[in-house]
Amino acid sequence: MRKSEAEGLIDEAYEAWRAEEWHTAAGLFERVLARFPDEERSAVWWYDAALAHKFLRNWAKAHELGREAAARAPRGEGDPAFWNLGIAATIQGDWATARDAWAGFGIELPPGQGEIEGRFGAACVRLDTGGEREVVWIDRLCPTRGRVMNVPVTAGRRFGEIVVHDGEPTGRRVVDGREFPVFDELLLLTASGLPTLEVTVNAGEAADLDALVDLFVRQGFGAEPASALQMLCSCCSEGTHEQTRTVHAGAQRVSLAAPEPEARLLLERWAGETVVGRSWSGLEAVG
(Lines give C-alpha, C1' and ligand atoms only; values in the text may rest on other atoms or scores of the structure.)
Protein backbone atom coordinates (compact mmCIF):
# COMPACT_ATOMS: atom_id res chain seq x y z
CA MET A 1 0.00 0.00 0.00
CA ARG A 2 1.39 3.39 -1.01
CA LYS A 3 0.93 6.48 1.15
CA SER A 4 -1.32 8.05 -1.48
CA GLU A 5 -3.59 5.00 -1.33
CA ALA A 6 -3.55 5.19 2.47
CA GLU A 7 -4.63 8.83 2.33
CA GLY A 8 -7.60 7.87 0.17
CA LEU A 9 -8.62 5.15 2.62
CA ILE A 10 -8.41 7.59 5.53
CA ASP A 11 -10.66 10.01 3.63
CA GLU A 12 -13.15 7.15 3.12
CA ALA A 13 -12.89 6.27 6.81
CA TYR A 14 -13.89 9.77 7.86
CA GLU A 15 -16.74 9.82 5.35
CA ALA A 16 -18.04 6.63 6.96
CA TRP A 17 -17.45 8.22 10.38
CA ARG A 18 -19.61 11.21 9.53
CA ALA A 19 -22.34 8.80 8.42
CA GLU A 20 -21.91 6.91 11.74
CA GLU A 21 -20.98 3.77 9.81
CA TRP A 22 -18.66 2.69 12.59
CA HIS A 23 -17.85 -0.80 11.32
CA THR A 24 -16.76 0.52 7.92
CA ALA A 25 -14.76 3.35 9.45
CA ALA A 26 -12.94 1.06 11.88
CA GLY A 27 -12.09 -1.41 9.12
CA LEU A 28 -10.59 1.30 6.93
CA PHE A 29 -8.51 2.72 9.77
CA GLU A 30 -7.24 -0.77 10.58
CA ARG A 31 -6.23 -1.42 6.96
CA VAL A 32 -4.09 1.71 6.95
CA LEU A 33 -2.65 1.09 10.41
CA ALA A 34 -1.55 -2.42 9.45
CA ARG A 35 0.83 -0.77 6.98
CA PHE A 36 1.53 2.56 8.71
CA PRO A 37 1.28 2.02 12.49
CA ASP A 38 3.65 4.78 13.51
CA GLU A 39 3.22 7.68 11.11
CA GLU A 40 2.86 11.17 12.55
CA ARG A 41 -0.96 10.93 12.42
CA SER A 42 -1.20 7.25 13.33
CA ALA A 43 -1.93 7.99 17.00
CA VAL A 44 -5.15 9.72 15.95
CA TRP A 45 -6.12 6.84 13.67
CA TRP A 46 -5.52 4.28 16.44
CA TYR A 47 -7.70 6.37 18.74
CA ASP A 48 -10.50 6.74 16.19
CA ALA A 49 -10.42 3.04 15.30
CA ALA A 50 -10.71 2.11 18.98
CA LEU A 51 -13.47 4.67 19.48
CA ALA A 52 -15.46 3.28 16.55
CA HIS A 53 -15.36 -0.15 18.18
CA LYS A 54 -16.47 1.43 21.46
CA PHE A 55 -19.51 2.83 19.64
CA LEU A 56 -20.10 -0.69 18.27
CA ARG A 57 -19.80 -2.09 21.83
CA ASN A 58 -17.07 -4.39 20.52
CA TRP A 59 -15.09 -4.26 23.73
CA ALA A 60 -12.43 -6.79 22.76
CA LYS A 61 -11.43 -4.70 19.73
CA ALA A 62 -11.77 -1.42 21.64
CA HIS A 63 -9.38 -2.91 24.20
CA GLU A 64 -6.91 -4.18 21.59
CA LEU A 65 -6.78 -0.97 19.54
CA GLY A 66 -7.09 1.23 22.62
CA ARG A 67 -3.81 -0.14 23.94
CA GLU A 68 -2.13 0.95 20.72
CA ALA A 69 -3.71 4.41 20.97
CA ALA A 70 -2.69 4.84 24.61
CA ALA A 71 0.88 3.72 23.87
CA ARG A 72 1.17 6.75 21.57
CA ALA A 73 -0.54 9.27 23.90
CA PRO A 74 1.13 11.59 26.44
CA ARG A 75 0.73 10.37 30.03
CA GLY A 76 -0.68 12.46 32.85
CA GLU A 77 -2.34 15.03 30.58
CA GLY A 78 -5.93 13.78 30.49
CA ASP A 79 -5.65 12.26 27.03
CA PRO A 80 -8.97 10.54 26.16
CA ALA A 81 -7.12 7.52 24.71
CA PHE A 82 -6.42 6.47 28.29
CA TRP A 83 -10.02 6.99 29.38
CA ASN A 84 -11.46 4.85 26.59
CA LEU A 85 -8.84 2.18 27.25
CA GLY A 86 -9.75 2.27 30.94
CA ILE A 87 -13.39 1.58 30.05
CA ALA A 88 -12.60 -1.26 27.64
CA ALA A 89 -10.05 -2.86 29.98
CA THR A 90 -12.53 -2.70 32.87
CA ILE A 91 -15.21 -4.44 30.82
CA GLN A 92 -12.67 -7.06 29.71
CA GLY A 93 -11.58 -7.61 33.31
CA ASP A 94 -8.00 -6.59 32.53
CA TRP A 95 -7.42 -4.74 35.79
CA ALA A 96 -3.68 -4.22 35.31
CA THR A 97 -4.32 -2.36 32.04
CA ALA A 98 -7.28 -0.49 33.53
CA ARG A 99 -5.19 0.71 36.47
CA ASP A 100 -2.39 1.80 34.14
CA ALA A 101 -4.90 3.59 31.88
CA TRP A 102 -6.41 5.60 34.74
CA ALA A 103 -2.93 6.50 35.95
CA GLY A 104 -2.01 7.48 32.39
CA PHE A 105 -5.04 9.74 32.25
CA GLY A 106 -3.89 11.38 35.48
CA ILE A 107 -6.21 9.83 38.07
CA GLU A 108 -4.87 8.74 41.45
CA LEU A 109 -6.19 5.30 42.39
CA PRO A 110 -6.25 3.53 45.75
CA PRO A 111 -3.16 1.33 46.04
CA GLY A 112 -3.40 -2.35 45.22
CA GLN A 113 -3.80 -4.79 42.40
CA GLY A 114 -6.76 -6.35 40.65
CA GLU A 115 -10.31 -5.03 40.76
CA ILE A 116 -10.59 -1.39 41.78
CA GLU A 117 -12.74 -0.79 44.86
CA GLY A 118 -12.39 2.91 45.51
CA ARG A 119 -14.63 5.70 46.78
CA PHE A 120 -15.13 8.08 43.87
CA GLY A 121 -18.29 9.69 45.23
CA ALA A 122 -21.91 9.74 44.17
CA ALA A 123 -23.15 10.25 40.62
CA CYS A 124 -26.14 9.35 38.49
CA VAL A 125 -26.43 6.90 35.62
CA ARG A 126 -29.09 6.87 32.93
CA LEU A 127 -30.07 3.23 32.53
CA ASP A 128 -31.12 2.22 29.03
CA THR A 129 -32.61 -1.23 28.52
CA GLY A 130 -34.82 -1.90 25.55
CA GLY A 131 -35.64 1.77 25.10
CA GLU A 132 -36.64 2.41 28.72
CA ARG A 133 -34.63 5.15 30.38
CA GLU A 134 -34.28 5.76 34.09
CA VAL A 135 -31.80 7.86 36.03
CA VAL A 136 -30.54 6.22 39.22
CA TRP A 137 -27.96 7.14 41.84
CA ILE A 138 -24.72 5.18 42.01
CA ASP A 139 -21.78 4.88 44.37
CA ARG A 140 -18.75 5.13 42.08
CA LEU A 141 -16.19 2.36 42.62
CA CYS A 142 -13.73 3.57 39.98
CA PRO A 143 -13.76 6.16 37.18
CA THR A 144 -16.22 4.05 35.12
CA ARG A 145 -18.03 1.63 37.50
CA GLY A 146 -20.77 2.27 40.02
CA ARG A 147 -23.11 0.34 42.32
CA VAL A 148 -26.79 1.24 41.87
CA MET A 149 -28.17 2.69 45.10
CA ASN A 150 -31.83 3.15 44.09
CA VAL A 151 -34.43 0.45 43.57
CA PRO A 152 -34.96 0.80 39.79
CA VAL A 153 -38.50 0.75 38.44
CA THR A 154 -37.25 -0.40 35.03
CA ALA A 155 -38.11 -4.06 34.55
CA GLY A 156 -35.18 -6.40 35.02
CA ARG A 157 -32.94 -3.90 36.82
CA ARG A 158 -32.00 -4.24 40.48
CA PHE A 159 -30.63 -2.41 43.48
CA GLY A 160 -26.95 -3.21 44.07
CA GLU A 161 -26.02 -4.15 40.51
CA ILE A 162 -22.76 -2.75 39.15
CA VAL A 163 -22.88 -0.82 35.90
CA VAL A 164 -20.24 0.63 33.60
CA HIS A 165 -20.88 4.20 32.49
CA ASP A 166 -19.43 6.51 29.87
CA GLY A 167 -17.07 9.33 30.75
CA GLU A 168 -18.89 12.36 29.31
CA PRO A 169 -21.80 13.64 31.47
CA THR A 170 -25.15 13.99 29.70
CA GLY A 171 -26.94 15.99 32.34
CA ARG A 172 -26.56 17.27 35.88
CA ARG A 173 -28.50 16.87 39.11
CA VAL A 174 -28.30 19.56 41.77
CA VAL A 175 -28.97 18.54 45.37
CA ASP A 176 -28.65 21.12 48.17
CA GLY A 177 -26.56 23.32 45.90
CA ARG A 178 -24.15 20.53 44.94
CA GLU A 179 -23.89 19.29 41.33
CA PHE A 180 -23.65 15.64 40.40
CA PRO A 181 -22.98 14.38 36.85
CA VAL A 182 -25.39 12.11 34.97
CA PHE A 183 -23.59 9.52 32.85
CA ASP A 184 -25.01 7.18 30.22
CA GLU A 185 -24.83 3.48 30.99
CA LEU A 186 -22.63 1.39 28.70
CA LEU A 187 -23.54 -2.00 30.12
CA LEU A 188 -24.59 -3.98 33.17
CA LEU A 189 -21.35 -5.50 34.45
CA THR A 190 -22.43 -7.42 37.56
CA ALA A 191 -26.01 -8.44 38.32
CA SER A 192 -27.49 -8.15 41.80
CA GLY A 193 -28.89 -11.10 43.70
CA LEU A 194 -31.41 -8.98 45.59
CA PRO A 195 -34.95 -9.37 44.25
CA THR A 196 -37.26 -6.41 43.74
CA LEU A 197 -40.48 -6.44 45.76
CA GLU A 198 -43.44 -4.09 45.96
CA VAL A 199 -45.62 -3.39 48.95
CA THR A 200 -48.43 -1.00 49.81
CA VAL A 201 -47.71 0.97 52.94
CA ASN A 202 -49.78 3.46 54.86
CA ALA A 203 -47.77 6.17 56.58
CA GLY A 204 -49.33 8.68 58.94
CA GLU A 205 -46.54 11.19 58.32
CA ALA A 206 -43.79 11.67 55.75
CA ALA A 207 -41.30 10.95 58.54
CA ASP A 208 -42.75 7.44 58.79
CA LEU A 209 -41.72 6.77 55.18
CA ASP A 210 -38.25 8.15 55.87
CA ALA A 211 -38.01 5.76 58.82
CA LEU A 212 -38.93 2.83 56.56
CA VAL A 213 -36.29 3.73 54.00
CA ASP A 214 -33.66 4.19 56.72
CA LEU A 215 -34.51 0.81 58.27
CA PHE A 216 -33.92 -1.01 54.98
CA VAL A 217 -30.78 0.98 54.12
CA ARG A 218 -29.19 0.19 57.49
CA GLN A 219 -29.55 -3.51 56.65
CA GLY A 220 -27.85 -3.07 53.27
CA PHE A 221 -31.15 -3.20 51.38
CA GLY A 222 -33.14 -0.59 49.40
CA ALA A 223 -36.54 1.07 49.64
CA GLU A 224 -38.04 3.55 47.17
CA PRO A 225 -41.44 5.20 47.88
CA ALA A 226 -43.47 5.96 44.76
CA SER A 227 -43.93 9.55 45.92
CA ALA A 228 -40.15 10.09 45.76
CA LEU A 229 -39.97 9.37 42.02
CA GLN A 230 -39.80 12.25 39.55
CA MET A 231 -40.73 11.99 35.88
CA LEU A 232 -38.75 14.19 33.48
CA CYS A 233 -38.88 14.66 29.73
CA SER A 234 -35.68 13.75 27.87
CA CYS A 235 -34.77 17.42 27.40
CA CYS A 236 -34.97 18.15 31.13
CA SER A 237 -33.26 14.89 32.01
CA GLU A 238 -30.27 15.77 29.84
CA GLY A 239 -30.04 19.29 31.24
CA THR A 240 -29.29 20.57 34.73
CA HIS A 241 -32.13 19.64 37.07
CA GLU A 242 -32.44 20.72 40.70
CA GLN A 243 -33.60 17.64 42.57
CA THR A 244 -35.38 17.61 45.90
CA ARG A 245 -36.40 14.38 47.58
CA THR A 246 -39.98 14.70 48.77
CA VAL A 247 -42.27 11.98 50.09
CA HIS A 248 -45.85 12.34 51.25
CA ALA A 249 -47.90 10.58 53.87
CA GLY A 250 -50.80 8.25 53.15
CA ALA A 251 -51.10 5.00 51.23
CA GLN A 252 -48.67 4.33 48.40
CA ARG A 253 -46.58 1.65 46.74
CA VAL A 254 -42.97 1.22 47.85
CA SER A 255 -40.36 -0.71 45.87
CA LEU A 256 -38.06 -2.80 48.04
CA ALA A 257 -34.78 -4.60 47.38
CA ALA A 258 -34.43 -7.44 49.88
CA PRO A 259 -35.10 -11.16 50.22
CA GLU A 260 -38.81 -11.59 50.95
CA PRO A 261 -38.43 -13.11 54.46
CA GLU A 262 -36.17 -10.25 55.58
CA ALA A 263 -38.49 -7.70 53.98
CA ARG A 264 -41.47 -9.07 55.94
CA LEU A 265 -39.53 -8.91 59.21
CA LEU A 266 -38.44 -5.33 58.57
CA LEU A 267 -41.94 -4.22 57.57
CA GLU A 268 -43.34 -5.79 60.75
CA ARG A 269 -40.68 -4.05 62.82
CA TRP A 270 -41.41 -0.73 61.13
CA ALA A 271 -45.18 -1.04 61.61
CA GLY A 272 -44.77 -2.07 65.25
CA GLU A 273 -42.66 0.93 66.23
CA THR A 274 -45.79 3.10 66.59
CA VAL A 275 -49.24 2.39 67.96
CA VAL A 276 -51.06 3.95 65.01
CA GLY A 277 -50.22 5.44 61.63
CA ARG A 278 -48.14 2.64 60.07
CA SER A 279 -49.34 -0.44 58.20
CA TRP A 280 -48.46 -2.52 55.17
CA SER A 281 -50.08 -5.07 52.85
CA GLY A 282 -49.74 -6.83 49.50
CA LEU A 283 -46.02 -7.65 49.52
CA GLU A 284 -45.13 -9.29 46.20
CA ALA A 285 -42.10 -10.02 44.04
CA VAL A 286 -41.88 -8.05 40.80
CA GLY A 287 -38.36 -8.78 39.58
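The values are calculated or read from the model by the stated rules, or taken from the named source; none is laboratory data. Everything quoted here is computed from the prediction, not taken from an experiment. Cβ placement follows ideal geometry from the backbone for every residue including glycine, while neighbour counts extend to all protein chains displayed.
If we keep just the residues of segment 47-102 that are of a type in the set (Gly, Ala, Ser) and in contact with an Asp or Glu (Cβ under 6 Å, 6 or more places away or on another chain), which is farthest from residue 164 (Cα to Cα)?
The qualifying residue farthest from residue 164 (Cα to Cα) is 73.
Given the condition of a type in the set (A, V, I, L, M, F, W, C), outside any helix (DSSP H, G or I) and either modelled with pLDDT of 95 or more or surrounded by fewer than 15 Cβ atoms within 10 Å (Cβ to Cβ) (or both), answer yes or no: does some residue in segment 95-106 qualify?
No, because not a single residue in segment 95-106 is of a type in the set (A, V, I, L, M, F, W, C), outside any helix (DSSP H, G or I) and either modelled with pLDDT of 95 or more or surrounded by fewer than 15 Cβ atoms within 10 Å (Cβ to Cβ) (or both).
Kindly evaluate residue 117 against the criterion of being outside the structural domain of residue 224 (by TED's automatic domain parsing), under 30 Å from residue 214 (Cα atoms) and modelled with pLDDT under 95.
Criteria met by residue 117.
Does residue 162 satisfy the criteria of being surrounded by fewer than 18 Cβ atoms within 10 Å (Cβ to Cβ), within 11 Å of the chain's Cα centre (by Cα) and β-branched (Val, Ile, Thr)?
Spelling it out, residue 162 is indeed surrounded by fewer than 18 Cβ atoms within 10 Å (Cβ to Cβ), within 11 Å of the chain's Cα centre (by Cα) and β-branched (Val, Ile, Thr).
For segment 190-211, how many residues meet the condition of being buried (at least 17 other Cβ atoms within 10 Å of the Cβ) and either over 25 Å from residue 123 (Cα atoms) or modelled with pLDDT of 95 or more (or both)?
Adding up the residues that qualify gives 9.
I'd like to check something: does segment 52-66 contain any residue that is outside any strand (DSSP E or B), at pLDDT below 95 and under 30 Å from residue 7 (Cα atoms)?
Among the residues of segment 52-66, not one is outside any strand (DSSP E or B), at pLDDT below 95 and under 30 Å from residue 7 (Cα atoms), which makes the answer no.
Please enumerate the residues belonging to segment 38-58 that are surrounded by 14 or more Cβ atoms within 10 Å (Cβ to Cβ), farther than 13 Å from residue 81 by Cβ and over 27 Å from the mean Cα position of the chain (by Cα).
Hit for segment 38-58 is 39, nothing else.
Say we look at segment 253-265 and pick out the residues that are farther than 12 Å from residue 220 by Cα and of a type outside the set (Gly, Ala, Ser); which of these is surrounded by the most Cβ atoms within 10 Å (Cβ to Cβ)?
Going through the qualifying residues, I end up with 254.
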